[in-house]
């Protein structure tokens, strides 16, 4: 898994965090989004982690990923 963790320009729904995680780990973006939504039913800091990833993860334009 040598793919970089970036927020893609294609396939975004909100900020591209779930789509970027899905690309990085080679799974469907829909599954990542569903898991995130289900995790909101549990107490925790999911929204804060999502916001932090939104700030930390660069856009794909800055660091293009080969093969997409």
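Within segment 27-59, which residues are touching a residue at least 24 places away in the same chain (Cβ under 8 Å) and part of a helix (DSSP H, G or I)?
50, 53, 54
Considering segment 1-26 alone, what residues qualify as being under 11 Å from the mean Cα position of the chain (by Cα) and not in a helix (DSSP H, G or I)?
5, 6, 7, 8, 11, 12, 13, 14, 15, 16
Provide a single number: the residues in segment 18-35 that are over 19 Å from residue 3 (Cα atoms) and touching a helix residue (DSSP H, G or I) at 6+ places or on another chain (Cβ under 6 Å).
Counting residues in segment 18-35 that are over 19 Å from residue 3 (Cα atoms) and touching a helix residue (DSSP H, G or I) at 6+ places or on another chain (Cβ under 6 Å) gives 1.
Every read-out reported here was derived from the displayed coordinates using simple, explicitly stated rules and does not represent laboratory data. All values derive from a computational prediction rather than experimental measurement. FYI the Cβ positions are ideal-geometry reconstructions off the backbone, even for glycines, and counts take in every protein chain you see.
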